[in-house]
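The values are calculated or read from the model by the stated rules, or taken from the named source; none is laboratory data. Only a predicted model underlies this, so the values are computations on that prediction, with no experimental measurement involved. Glycine also receives a Cβ, built like all others from the backbone with ideal geometry; neighbour counts cover every protein chain displayed.
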Amino acid sequence: MAGKLLFIDDEEIVLRSCRRIFAKEDFQIDTALSGEEGLAKAREGDYDVVVTDLKMPGIGGMEVLRTLRKERPEIIVVIFTGYANVETAREALKNGAFDYIPKPFTPDEIKEVVRNAVKARAGNAEAKMIDLLAIVSHELKSPLATVQTTAETLYRGYFGKLEPAQQKIVETILRNCAYLEDVIRSYIDLSKMEIDDLASFQKEMRIGAEAVAETTAVPEIKDNLRRMPIVVEVKEDPPVLGDSQLLKIVVRNLVNNAIKYGREGTPVQVTLERKGGEAVLTVRNEGVGISPEDIQNRLFKKFERLKQKGTEGVKGSGLGLYICKKIVDKHGGRIWAEGEQGSWIAFHVALPTAAAGGPNQAGTEA
């Protein structure tokens with residue numbers, strides 16, 4: 001596997017380690033002791049992969065990443081850092097990093113990531129990144145669920161009433177668990193979206209019975225901690241051609257968002273009806289709403305998170321609505337939003353009914 005690599009780090013010992021680890025590999029290796037030197041080499045050289053430290057004097061790894069994504073987008077960028085956490089990893093991935101390696105790393109760890117990055121250089125880097133994240137996410141699901149269940153048990157007072165200070169600590173744990181669950185679930189869902197085969201969406205199914213009913217009956221939605229009742233009204237449940245598992249993801253993401261950003265104690269309204277040749281699902285909540293400008297320009301984009309007044313402290317992956325749109329697009333449908341800032345927001349999903357045609361029909365976003 002031939003390839004040209006550039007390692008950027010302000011520690012000479014790290015660069016020597018990288019040279020030693022890849023000495024017997026079929027790679028051409030260059031190194032740089034600063035972000036400035038690394039960018040200069042990357043601009044001039046034909047590198048397949050650049051591996052850069054995140055924290056360096058002067059130009060840091062995040063700036064190197066952003067610059068290369070803009071000036072040399074064909075280069076695959078990997079971050080390694082001693083400061084790895086969910087936020088820094090997410091920020092690096094949002095800005096286009098292929099992967100990240102926490103320090104200290106083993107020879108096998110860095111070899112595996114670099115090999116995958118070189119392979120991706122000739123193919124689809126984003127798809128490779130999503131595959132990796134999906135695997136990691138699957139591994140994190142079980143331990144996170146244990147932490148979340150234990151915290152909820154404490155929060156609900158099953159082991160005795162908590163003092164106010166203790167209650168606040170447990171609430172913080174639950175909020176962070178919910179955020180991590182969102183990140184994990186989103187990357188797993190996103191890995192399912194990186195497919196182009198529409199044949200799997202040819203099965204006739206009913207959204208109300210097979211997606212809405214099952215999703216809204218899940219305990220964490222039905223008995224959510226924000227005490228927001230889920231009010232479901234199925235006026236008509238016409239058949240559509242689709243994948244029930246993927247459409248459950250749409251319903252779950254929309255309802256979870258309504259709970260997360262809605263006004264505590266107010267209802268989340270889920271409506272399904274037939275309008276012309278489409279089955280139309282609507283999820284509405286009272287709360288902070290979204291500005292018309294954000295609805296028009298920012299919704300449904302990957303890693304896009306809106307900072308609305310009243311949502312301070314609410315975390316998310318920035319992938320939920322992007323995933324919803326991708327699923328709806330693959331089903332030949334439409335998804336859009338309307339609302340009033342500071343008051344309410346409603347998301348609508350319209351899918352062609354089975355009688356009206358299948359997913360090969362192109363939808364037009366409202």
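Among the candidates 97, 84, the residue that is modelled with pLDDT under 90, within 30 Å of residue 322 (Cβ to Cβ) and surrounded by fewer than 17 Cβ atoms within 10 Å (Cβ to Cβ) is uniquely 84. With the structure loaded, tell me whether residue 50 is hydrophobic (A, V, I, L, M, F, W, C), part of a strand (DSSP E or B) and surrounded by 14 or more Cβ atoms within 10 Å (Cβ to Cβ) or whether it fails that test. The answer is yes for residue 50. Scanning segment 12-47 for residues that are hydrophobic (A, V, I, L, M, F, W, C) and not in a helix (DSSP H, G or I) yields a count of 6. Name, by its number, the condition in (1) over 17 Å from residue 18 (Cβ atoms); (2) surrounded by 23 or more Cβ atoms within 10 Å (Cβ to Cβ); (3) β-branched (Val, Ile, Thr) that does not hold for residue 67. For residue 67, the failing item is (2). Scanning segment 171-228 for residues that are modelled with pLDDT of 85 or more and among the hydrophobic types (A, V, I, L, M, F, W, C) returns 173, 205, 207, 209, 211, 212, 213, 217, 221, 228.
Candidates in segment 1-60 are the residues that are among the basic types (Lys, Arg) and free of Cβ contacts under 8 Å to residues at least 12 places away in the same chain; of these, the one that is farthest from residue 120 (Cα to Cα) is 16.
Give the residue, chosen from 42, 23, that is in the same structural domain as residue 72 (by TED's automatic domain parsing) and surrounded by 19 or more Cβ atoms within 10 Å (Cβ to Cβ). It would help to see each step written out before you state the result.
On the way: 23 fails: surrounded by 19 or more Cβ atoms within 10 Å (Cβ to Cβ).
Answer to the check: 42.
Scanning segment 253-279 for residues that are over 23 Å from residue 291 (Cβ atoms) and buried (at least 22 other Cβ atoms within 10 Å of the Cβ) gives 270, 272, 279.
Beta carbons closer than 8 Å, at least 6 apart along the sequence or on distinct chains, never pair a first residue in segment 161-181 that is within 30 Å of residue 320 (Cβ to Cβ) and not assigned by TED's automatic domain parsing to the domain that holds residue 151 with a second that is of a type in the set (A, V, I, L, M, F, W, C) and surrounded by 15 or more Cβ atoms within 10 Å (Cβ to Cβ). Provide a single number: the residues in segment 231-267 that are part of a strand (DSSP E or B) and under 24 Å from residue 184 (Cα atoms). Number of matching residues: 1. So if I check each of 114, 147, 136, which one is in the same structural domain as residue 171 (by TED's automatic domain parsing), modelled with pLDDT of 80 or more and surrounded by 13 or more Cβ atoms within 10 Å (Cβ to Cβ)? So the residue among 114, 147, 136 that is in the same structural domain as residue 171 (by TED's automatic domain parsing), modelled with pLDDT of 80 or more and surrounded by 13 or more Cβ atoms within 10 Å (Cβ to Cβ) is 147.
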